[in-house]
Amino acid sequence: MIFDFIFLSKLSSASSYNSESETGLISGHIVEKIDGSFSRFFYDPLVFGNGKRFCLALDGQLLESDFDDKVNFFSESLGSIFFNSSYFTLNGHPVIIVLNARKKETNTLDLLRDIFKYLGYDNFYYCFINRFDQEIDSTNIDLDLHVFDGEEGADHSTGNWYLSFLEESKVSQKLIFFFPPHSNASTDVHSELNNVEKEFRERNPRVFALLQEQTNFAKRFEQCEINIQGLRKDLESRDEYIANLNIPETTLKRVSDFYYHEYEILPLWYKRFGHLIKVFMGKRSFRSLFDDKVKKYKD
Amino acid sequence: MSLLVVAHIYYPNDWEYLFERLLNLKEYSCTFIFNIVNPKYDKEKVIQYIRNNFPAGILIYSPNHGRDIGGKLAGIDVALKLKIASDFTLIIHDKQSPHTPTGLAWRNELFRVIEKTELPKIFSKFDSSEKVGIVGSQKFLMNEYDFSIGEFNSFSNEILKELISEMNLNLTDYNFIAGNIFWIRSELITRFFSRHAPLKIRSRLEHGNVLDFHKGTYIHSWERIFSWLANGQGFEIAGI
């Protein structure tokens, strides 16, 4: 697919999810409860390691419910899911969706901040979606975002919607939150969307090529951003080590003192005798005792 | 016999040294969990290597929180949640210790626990005594506790005492493997971390690549507590 689609649907069973073939769509798993079925799905070894990109779409009410140790509970329940290598990220930071939040978004957002902080993240992306209005209430994702709900009162088919979407598309990096029509599997939707793309490409080859080029560029750019973050962290880490080496009484100083006291203060005749022992032990070449140009030590 | 490896990868470039030795474990029934620090600029290369050489390996990316201890706790959390059954667990990371000129010699010594020739000896140590809970490098078996004053000769003295009390560890021996690379009976990990959530412990560790040469840290303290999981549950540490 030319754009990133987050395919939002309720949790299926682990076996049916695993049997779905890879479509390239990002699975947006709608989570209404964190219970046994949640754990059985996400912590099924086959689901955990299946390699398909996914993200969480938490129901607003789930986050709004009142109980003790909320931050602990959500962090420990969701932590390893965010750490999963297939979890959907932007610029290397995890993306979380909140559906139909009723309370003030700031409360929920504060909770999310606490959860991600608990897990050690410097940054994360959120998107509050009001499904009923097919609108985004609040987000920090700096992309061209769209919501399509095939279930809630859509008066046109997925195919028609996507064709007009492509025809009206301007060059920008898009992320589409897609609620599939009732009982449509992701593979069916994927083939429908794919057919529309093919039709559009045949009719508008240059526009399609331009959109594709833009998408590829955005992905390369994102990878560069991630690499820069990694290099920056690496540089910071090296700077810290160097700063540590510069202060007095460091390990280097201790090693240097150790060497001095253990070896350097010995008499010269003793050190020379030591070189002869090295030759007898086969650690040093005999000729090197008389000739500085020959190789001294064996590798 | 089934094995579990929890490996943390942080440093750029030198990770192949660890992976090449981990390949020795493919002869055994072994589950690999790799935690890669995120962000990491050569991550794609690491992933490619893992996909090619450990295709069934479980891969997680976690932020640099708690250094190798944080990464290992993230890996242990995954192992517990996925209910991965094993007899022995290897706790390891791509150790470099750039702060010390002897860092690589330290690493090479600790990595003896994954040398092909050492592996049978390690497993026979576990077999020979039911009391052996951890096996690691004898050379780096350390003890900082001064029984006469009941204090640790460490910047982390206060934190260590706080955590021992909080974790209800009844210790008779304070030996630990400096460098935190060793084999441990998996039951010790499962029992302890089922009571003390790994991510909760991780959340209290210091963030980023914090250096702890001149001050006490939770990271430094947990490096020791990892080894004390054995003594705290009535087991011993054996050196090789």
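A single member of A:Leu235, A:Leu210 is part of a helix (DSSP H, G or I) and away from every other protein chain (no Cβ under 14 Å), and it is A:Leu210. Would you confirm, using the coordinates I've provided, whether B:Ile76 is under 23 Å from A:Gly49 (Cβ atoms), more than 8 Å from chain A (Cβ to nearest Cβ), touching a helix residue (DSSP H, G or I) at 6+ places or on another chain (Cβ under 7 Å) and β-branched (Val, Ile, Thr)? For B:Ile76, the condition - under 23 Å from A:Gly49 (Cβ atoms), more than 8 Å from chain A (Cβ to nearest Cβ), touching a helix residue (DSSP H, G or I) at 6+ places or on another chain (Cβ under 7 Å) and β-branched (Val, Ile, Thr) - is met.
Of all residues in region B:27-51, those being more than 10 Å from every other protein chain (Cβ to nearest Cβ) and over 21 Å from B:Leu82 (Cα atoms) number 5.
Somewhere in region B:132-149, is a residue under 25 Å from A:Glu76 (Cβ atoms), away from chain A (no Cβ under 14 Å) and in contact with a helix residue (DSSP H, G or I) (Cβ under 8 Å, 6 or more places away or on another chain)? No, there is no match, as no residue in region B:132-149 is under 25 Å from A:Glu76 (Cβ atoms), away from chain A (no Cβ under 14 Å) and in contact with a helix residue (DSSP H, G or I) (Cβ under 8 Å, 6 or more places away or on another chain).
Looking at region B:78-112, which of its residues are basic (Lys, Arg) and either surrounded by fewer than 17 Cβ atoms within 10 Å (Cβ to Cβ) or touching a His at 6+ places or on another chain (Cβ under 9 Å) (or both)? Working first, answer last.
Residues of region B:78-112 basic (Lys, Arg): B:81, B:83, B:95, B:107, B:112.
Across region B:78-112, the qualifying residue is only B:Lys83.
Would you pick out the residues in region B:107-162 that are of a type in the set (Lys, Arg), assigned to a helix (DSSP H, G or I) and closer than 21 Å to B:Phe182 by Cα? Working first, answer last.
First, the residues of region B:107-162 that are of a type in the set (Lys, Arg): B:107, B:112, B:116, B:121, B:125, B:131, B:139, B:161.
If we keep only those that are assigned to a helix (DSSP H, G or I) too, we end up with B:107, B:112, B:121, B:125, B:139, B:161.
Answer for region B:107-162, where residues must be of a type in the set (Lys, Arg), assigned to a helix (DSSP H, G or I) and closer than 21 Å to B:Phe182 by Cα: B:Arg107, B:Arg112, B:Lys121, B:Lys125, B:Lys139.
Among the helices (runs of 4 or more DSSP H) confined to region A:42-149, the ones with at least 1 residues that are over 21 Å from the mean Cα position of the chain (by Cα), surrounded by fewer than 19 Cβ atoms within 10 Å (Cβ to Cβ) and on the phi < 0 side of the Ramachandran plot are located at A:60-64, A:70-83, A:105-118.
Taken as a whole, the structure leaves A:Ser237 outside the set of residues that are over 30 Å from B:Val37 (Cα atoms), small (Gly, Ala, Ser) and at pLDDT below 90.
At pLDDT below 95, over 21 Å from B:Lys43 (Cβ atoms) and surrounded by 15 or more Cβ atoms within 10 Å (Cβ to Cβ): does that describe A:Leu25?
yes
Can you tell me which residues in region A:213-229 are within 14 Å of chain B (Cβ to nearest Cβ) and either outside any helix (DSSP H, G or I) or closer than 28 Å to A:Ser164 by Cβ (or both)?
Answer for region A:213-229, where residues must be within 14 Å of chain B (Cβ to nearest Cβ) and either outside any helix (DSSP H, G or I) or closer than 28 Å to A:Ser164 by Cβ (or both): A:Lys219, A:Glu222.
Just one of the numbered conditions (1) of a type outside the set (Gly, Ala, Ser); (2) within 14 Å of another protein chain (Cβ to nearest Cβ); (3) free of Cβ contacts under 8 Å to residues at least 40 places away in the same chain is not true of B:Asp127: (2). Which of the residues spanning region B:67-106 are under 25 Å from B:Met1 (Cα atoms), among the small types (Gly, Ala, Ser) and assigned to a helix (DSSP H, G or I)? Hits for region B:67-106 are B:Ala74, B:Gly75, B:Ala79.
Of the residues B:Asn13, B:Asn24, B:Asn64, which single one is surrounded by fewer than 17 Cβ atoms within 10 Å (Cβ to Cβ) and either within 14 Å of chain A (Cβ to nearest Cβ) or out of contact with any helix residue (DSSP H, G or I) (no Cβ under 8 Å at 6 or more places or on another chain) (or both)? Can you show your working first?
On the way: B:Asn24 fails: either within 14 Å of chain A (Cβ to nearest Cβ) or out of contact with any helix residue (DSSP H, G or I) (no Cβ under 8 Å at 6 or more places or on another chain) (or both); B:Asn64 fails: surrounded by fewer than 17 Cβ atoms within 10 Å (Cβ to Cβ).
Exactly one of B:Asn13, B:Asn24, B:Asn64 is surrounded by fewer than 17 Cβ atoms within 10 Å (Cβ to Cβ) and either within 14 Å of chain A (Cβ to nearest Cβ) or out of contact with any helix residue (DSSP H, G or I) (no Cβ under 8 Å at 6 or more places or on another chain) (or both), namely B:Asn13.
In region B:1-12, the residues that are assigned to a strand (DSSP E or B) reach residues that are basic (Lys, Arg) and surrounded by 22 or more Cβ atoms within 10 Å (Cβ to Cβ) with C-beta atoms within less than 8 angstrom, at least six apart or across chains, in these pairs: B:Val6/B:Lys72; B:His8/B:Lys72; B:Ile9/B:Lys40. Kindly establish whether A:Lys170 is more than 16 Å from A:Phe5 (Cα to Cα) and either modelled with pLDDT of 95 or more or not charged (D, E, K, R) (or both). Here the answer is no, as A:Lys170 does not meet what is asked. Take A:Phe128 and decide whether it is in contact with a strand residue (DSSP E or B) (Cβ under 9 Å, 6 or more places away or on another chain), of a type outside the set (Gly, Ala, Ser) and over 22 Å from A:Lys52 (Cα atoms). Yes: the conditions hold for A:Phe128.
The values are calculated or read from the model by the stated rules, or taken from the named source; none is laboratory data. It should be emphasised that the depicted structure is a prediction, and the values quoted were computed from it without experimental measurement. Glycine gets a Cβ as well: all are built from the backbone with ideal geometry, and neighbour counts include every protein chain shown.
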